[in-house]
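Novice: Here it is, the structure, as structure tokens.
The values are calculated or read from the model by the stated rules, or taken from the named source; none is laboratory data. Predicted model, so just to flag it, every value in this text is computed and none were measured. Virtual Cβ from ideal backbone geometry, glycine too; neighbours counted across all protein chains shown. For accessibility, only protein heavy atoms count, side chains too; no ligands or nucleic acids. Shrake-Rupley method; radii C 1.70, N 1.55, O 1.52, S 1.80 Å.
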Amino acid sequence: MNASVFPAARPRPPFWRKVQDRLVAGCSLLAVAMAVGAMLWVLGTIVMRGATVLGWDFLTNPSKPYGLPGAGIANALLGTLLITLTAAGMAIPPALAAGIWLAEFGKQSRTAAALRFCANVLMGMPSVIVGLFAYTVIVVPMGTFSGFAGSVALAILMFPVVMRTTEDMLRMVPDTLRESGLALGLTRCRVTLQIICRSARNGLITGVLLSVARVSGETAPLLFTALFADAWPTRFASGPTANIPVLITEYATNSPFESMHRAGWGAALIITLVVLAINLTTRILFREKKA
């Protein structure tokens, strides 16, 4: 076909190309500035309001009803730690196993496709629905709120995140490593666990830590399951358990007293610092090293 049939494209004048380039660059910078500004605004507000109540007594004393001196958030901190660690213990091992199976053994099977679909649905499901589910299947039959029920709800939220992260990290490992291990006579299981998982270790740990950071501030599931109690979490499996997210909700929205509002801001500052520390530590320790 004769190329002369098609007219040559007319180049745009350099002036308009520069204008469009500057316009796109300016819009990008504006979007970044808005995102960073909003984050700094939120963090600044939390720091200014929460730093006024921080102190040793605030961090080591348990919460108390209004009017009693020496109130703190130590019981809520301990309760949050117990709930989160129990949830991690229930969710992480099976989620890692499921992710390994999807990446190395299931791959394109129908079972794998169904599992990925269910995981995607769970990842997009509102946490309040998960909390209502845990309330129905655990709290109602037991006849009491409990920290264990809260752990089950958080474990359901953690499972799909860890599973999909594990699959994605393992798929990034080059196939040459798999072929080399098999060529040396190793079994498929040993190649997966000793070579592939070790190569993707940083990514796997990053996914686990980020999933823990995500659920550590969830409030809706704990309102339906763990609730709250002004006591140390000695009845973790059989009674309401103090935790930071519900303490913030109760103190900041359901209390008319200014001192409890300040305590809520202090608790918000603590949980914000914990989540930031987990994210920063993950980014620093497991960042890609330049060759």
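Novice: Specify the residue that is nearest to residue 226 (Cα to Cα); the eligible residues are those in the stretch 103-141 that are open to solvent by less than 70 Å² (accessible area, probe 1.4 Å) and among the charged types (D, E, K, R).
Specialist: 116
Novice: Are any of the residues in the stretch 267-284 surrounded by 18 or more Cβ atoms within 10 Å (Cβ to Cβ) and over 19 Å from residue 52 (Cα atoms)?
Specialist: Yes.
Novice: From 177, 182, 186, which residue is modelled with pLDDT under 90, open to solvent by 70 Å² or more (accessible area, probe 1.4 Å) and more than 30 Å from residue 130 (Cα to Cα)?
Specialist: On the way: 177 fails: open to solvent by 70 Å² or more (accessible area, probe 1.4 Å); 186 fails: open to solvent by 70 Å² or more (accessible area, probe 1.4 Å).
Exactly one of 177, 182, 186 is modelled with pLDDT under 90, open to solvent by 70 Å² or more (accessible area, probe 1.4 Å) and more than 30 Å from residue 130 (Cα to Cα), namely 182.
Novice: Among (1) within 20 Å of the chain's Cα centre (by Cα); (2) buried (at least 16 other Cβ atoms within 10 Å of the Cβ); (3) farther than 23 Å from residue 79 by Cα, where does residue 196 come up short?
Specialist: Only one criterion in (1) within 20 Å of the chain's Cα centre (by Cα); (2) buried (at least 16 other Cβ atoms within 10 Å of the Cβ); (3) farther than 23 Å from residue 79 by Cα is unmet by residue 196, namely (1).
Novice: Sticking with this one: Please verify whether residue 278 is assigned to a helix (DSSP H, G or I), touching a helix residue (DSSP H, G or I) at 6+ places or on another chain (Cβ under 6 Å), free of Cβ contacts under 8 Å to residues at least 60 places away in the same chain and on the phi < 0 side of the Ramachandran plot, treating the condition exactly as stated. Spell out the reasoning first.
Specialist: On the way: assigned to a helix (DSSP H, G or I): yes; touching a helix residue (DSSP H, G or I) at 6+ places or on another chain (Cβ under 6 Å): yes; free of Cβ contacts under 8 Å to residues at least 60 places away in the same chain: no; on the phi < 0 side of the Ramachandran plot: yes.
Here the answer is no, as residue 278 does not meet what is asked.
Novice: How many of the residues making up the stretch 219-261 are in a loop (DSSP other than H, G, I, E, B) and open to solvent by 30 Å² or more (accessible area, probe 1.4 Å)? Explain how you work it out, then say what you get.
Specialist: Here is the first cut: in the stretch 219-261, the ones in a loop (DSSP other than H, G, I, E, B) are 219, 225-243, 254-257.
Restricting the remaining residues to those that are open to solvent by 30 Å² or more (accessible area, probe 1.4 Å) gives 219, 227-228, 230-232, 234-238, 240, 254, 256-257.
Number of matching residues: 15.
Novice: Starting from the stretch 196-207, keep only residues that are outside any loop (DSSP other than H, G, I, E, B), then list their pairs with residues that are among the basic types (Lys, Arg) and surrounded by 15 or more Cβ atoms within 10 Å (Cβ to Cβ) whose Cβ atoms are within a distance under 7 Å, requiring at least 6 positions of separation or different chains.
Specialist: 196/178
Novice: Here's another thing I want to ask about it. Would you check which residues across the stretch 126-172 are touching a residue at least 60 places away in the same chain (Cβ under 8 Å), over 19 Å from the mean Cα position of the chain (by Cα) and outside any helix (DSSP H, G or I) and list them?
Specialist: Scanning the stretch 126-172 gives 144, 145, 146.
Novice: If the requirement is being touching a Ser or Thr at 6+ places or on another chain (Cβ under 8 Å) and buried (at least 19 other Cβ atoms within 10 Å of the Cβ), which of these qualifies: 215, 191?
Specialist: Numbers: 191 fails: touching a Ser or Thr at 6+ places or on another chain (Cβ under 8 Å).
From the options 215, 191, the qualifying one is 215.
Novice: Inside the stretch 199-208, can you point out the residues that are under 30 Å from residue 133 (Cβ atoms), surrounded by 18 or more Cβ atoms within 10 Å (Cβ to Cβ) and among the aliphatic types (A, V, I, L, M)?
Specialist: Matches in the stretch 199-208: 204, 208.
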